[in-house]
Structure formats: C-alpha cells, structure tokens
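Everything on this sheet refers to the single structure shown next.
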Amino acid sequence: MILPVIFVNQVQGIAEKYSPRKLLMVSNFVAALCTIIVFSMLPMLPALALVGGLLIGSIDALQRVGRIIAIKHYFSGDKIEATVPLTLTAQFIAGGLAGMLMGSIKGEMSPQLAMSMISVLFTVSVMATFLLPKLNLHQKNNDQTRSLKKFISLLSSNAPLKKAFLNFIVFITFFQGFFNVSRVTLPSHVLNLPENFVGYLQLVNSGAALCGAVFYFIYNRKGIKFNPLYMAMSSALFMIITSLGISVSISYACYFFYIFFFELAFFKLQSEIVLQSDVKTMPMIAAMQYAGVYIGMILSIFIGSILTQYLHLYIVAITFSIAYFLCSRLLSKQKK
C-alpha cells in the first residue's frame, strides 16, 4: 500500500496520459509478468516476495484508479450510480474464487501452483480489457495539475466533492481497516479454527459484497437511495457482534451483514465522488482517493493489530466504530 502513497503524482500522471483501456491492459500484463518472475525466483531468493508485494500492490492501485476513470468516461448521469456497484463487484467475485481455492487446497498451496493460478487470472484480465471501447484522449500532461496544492484548491472550490471525498476516506479507513485486521484474526485466533476457515470467511465476504452490489443496483434503479450514515451504523453493529466470537455460525453470519451494509455505504459514497467530479480531474481525484485510503488503512491496520494483540478484536470494532462516527460528526459540522 505504501508506494501508491509515495508516488501518487506519478500514478496520476500515468492515469492522465493513457486511456482507461490501455491503463488496465498494461497494468494487468505487467502484474502477470511480475508474478511469474517473483514466484519463479522465490526458492532461490525468498526476500524477493517483499519486492514483488510492493510492485504488484502499486500496479493494483493503478488499475483501481483506471477502473474509476473508466466509469467516468464510459457512463454519465444516473447511469454512474448504477454502474459503480457492478463495475467494482469484479474484485468481490475474485475474492470469492480465492476463498474457494484456499478452502479447498488448504495447506497444499505451493509457489508453483500460486504462480500458475495468479498469472493465468492476470492474463484473463488482459484479454477482458480488449472488450472495452477505444478512446482517443489528447490531454497534455502538466506537472502543476499533479500537485497537492492544486488538489486542495479543487476541493476548496467544490464543497459537495470535498464532503464526498472526506467521507469516503474516513469510512474506508475504519471499516475496511477492520476487515484487513479481522479476516485472518477472527477465524484463526478469536474462533481458533483451522486455516481453511480463513478461505471460507473470504468466501462469506465476497458473497456478502456481491449480494450488496446486486441489492444496491436493483433498488437504486427503482429510485431508492441509501443513506451512508445509516448503512454505516448497521455495518458497525454487526461488526461488533461478529468480533465477540460467540460461535462460528453467529460470527460468520454477522460478518456477512457487516460486509453487506458496508458495501451499500461504499457504493453510495464512491458514486458521489464520481458524480461530483468531471472527466478532466477524475485521474487526479482517483489517484488522491486511493492514496488517502491507503494511508488510512495503513494506520488502521497498525493500530488494530496492536489492539488485537494486547486486548481483543471486539475492542478494535468498538474503537473503530466510535472513531468513525466522531469523524463523521465533525465533517457534518463543517461549513459548506
């Protein structure tokens, strides 16, 4: 997560220079290449895994930025809000497949098997980008547009965008931060389950996210709007219950609803950012969005890991919930 934060200007510059189609195509191709190189050399040079993590994490951030830009280029108006959940659901389907593989393979995963699966999936992603329409973009790169000062000025002049952007960063920081802390800790340490239950939890997570995406898409088209604050309150309630570790069935069921309501809030907040932005500034906003999210998650993972180690996972859930609602309250009091 750290390189997309350090090189946020470079990520924005690349996103401005190339079309979303080319950006996604090249990103996934380079990721496939990195995967093959890293896993091939792993037996001889295990430390290369750290370098590979940095590179693939950075490439992942670039293609995430590309997906947001693609939504803005290919859709407009009300279609954006309906398109966001369907477009971003791809990662949840992938997570579900990963969970199924982890649950079925258990402790038999090898570097060679991992390399084969991951490189094939990246290759499929490259092939999928050929289906996207071609765009002729003729934008001149200007270093001044890739400055933090320019971004702050943009937010200052657009109050709705500023509110949507900050709300999104704060929400993801705490709620996805809990996900990153709990996805292994809950099954392995709180519930003391075998390692294949980590994969099953990932499957629950992906299923909940997919259900949330379909639910949001259907009811959004019927004109029903989801209040992000109410969705966050529901998500926080289930987040706290699941972290108590009452039983496997209760924890996993509550985890489903924690992710389900999380996604309803996430889609609404992400849609608001895209709607309040224009095509020219979308690369800058998307790059800054992911840099901000990654900074927030790095901090939340660090704090959550310490709280889990010395206290308990439910302390993390309660702390993150209180922190989010306090920040949300402060943001709502800001002058428009």
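Before moving on, here are some points about what is shown:
- Failed item in (1) open to solvent by 10 Å² or more (accessible area, probe 1.4 Å); (2) out of contact with any helix residue (DSSP H, G or I) (no Cβ under 6 Å at 6 or more places or on another chain); (3) within 30 Å of Ala159 (Cα to Cα); (4) not in a loop (DSSP other than H, G, I, E, B), with Tyr290 passing the rest: (2)
- On the stretch given as the stretch 299-318, residues that are in a helix (DSSP H, G or I) and either open to solvent by 60 Å² or more (accessible area, probe 1.4 Å) or farther than 13 Å from Gly177 by Cβ (or both) total 9.
- Checklist (1) of a type in the set (A, V, I, L, M, F, W, C); (2) over 14 Å from the mean Cα position of the chain (by Cα); (3) open to solvent by 10 Å² or more (accessible area, probe 1.4 Å) applied to Ile285, failing item: (3)
- Scanning the stretch 4-31 for residues that are more than 25 Å from Val124 (Cβ to Cβ) and not aromatic (Phe, Trp, Tyr) turns up Val5, Ile6, Val8, Asn9, Gln10, Gln12, Gly13, Glu16, Lys17.
- Considering (1) in contact with a Gly (Cβ under 9 Å, 6 or more places away or on another chain); (2) in contact (Cβ under 8 Å) with a residue 24 or more places away in the chain; (3) over 20 Å from Asn180 (Cβ atoms), the lone condition that Ala32 does not fulfil carries the number (1).
So that you can scan it fast, the table gives a plain yes or no per residue for (1) outside any helix (DSSP H, G or I); (2) in contact with a helix residue (DSSP H, G or I) (Cβ under 8 Å, 6 or more places away or on another chain); (3) more than 27 Å from Thr83 (Cα to Cα):
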| site | (1), (2), (3) |
| --- | --- |
| Val11 | no, yes, no |
| Phe29 | no, yes, no |
| Ile36 | no, yes, yes |
| Phe39 | no, yes, yes |
| Met44 | yes, no, yes |
| Gly57 | no, yes, no |
| Gly66 | no, yes, no |
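- Filtered residue count, the stretch 233-255, keeping only those that are part of a helix (DSSP H, G or I) and open to solvent by 60 Å² or more (accessible area, probe 1.4 Å): 4
- Residue match in the stretch 56-64 (condition: of a type in the set (Asp, Glu) and open to solvent by less than 40 Å² (accessible area, probe 1.4 Å)): no
- Candidates Asn196, Asn205, Asn220, Asn192 - the one that is polar (S, T, N, Q), under 26 Å from Gly304 (Cα atoms) and crowded, with 17+ Cβ neighbours inside 10 Å: Asn205
- Annotation: of all residues in the stretch 140-166 being at pLDDT below 60 and open to solvent by less than 70 Å² (accessible area, probe 1.4 Å), the one that is nearest to Met288 (Cα to Cα) is Arg146.
- Count - residues of the stretch 215-232 that are without any contact (Cβ under 8 Å) to a residue 12 or more places away in the chain and in a helix (DSSP H, G or I): 3
- Against the test of being at pLDDT 75 or above and either open to solvent by 60 Å² or more (accessible area, probe 1.4 Å) or not in a helix (DSSP H, G or I) (or both), the options Leu101, Leu131, Leu86 yield a single qualifying residue, Leu131.
- Test result for Phe39, crowded, with 21+ Cβ neighbours inside 10 Å, over 26 Å from Lys150 (Cα atoms), modelled with pLDDT of 85 or more and out of contact with any Cys (no Cβ under 6 Å at 6 or more places or on another chain): yes
- Qualifying positions in the stretch 12-30 - closer than 17 Å to Ile285 by Cβ, open to solvent by 20 Å² or more (accessible area, probe 1.4 Å) and among the hydrophobic types (A, V, I, L, M, F, W, C): Ile14
The values are calculated or read from the model by the stated rules, or taken from the named source; none is laboratory data. Keep in mind the model is a prediction, meaning the values are calculated, not measured. For neighbour counting, all protein chains shown are included, and Cβ atoms are generated from backbone atoms with ideal geometry for every residue, glycine included. Each accessible area value is taken on the protein alone, full model and side chains, heavy atoms only, with ligands, DNA and RNA left out. Shrake-Rupley method; radii C 1.70, N 1.55, O 1.52, S 1.80 Å.
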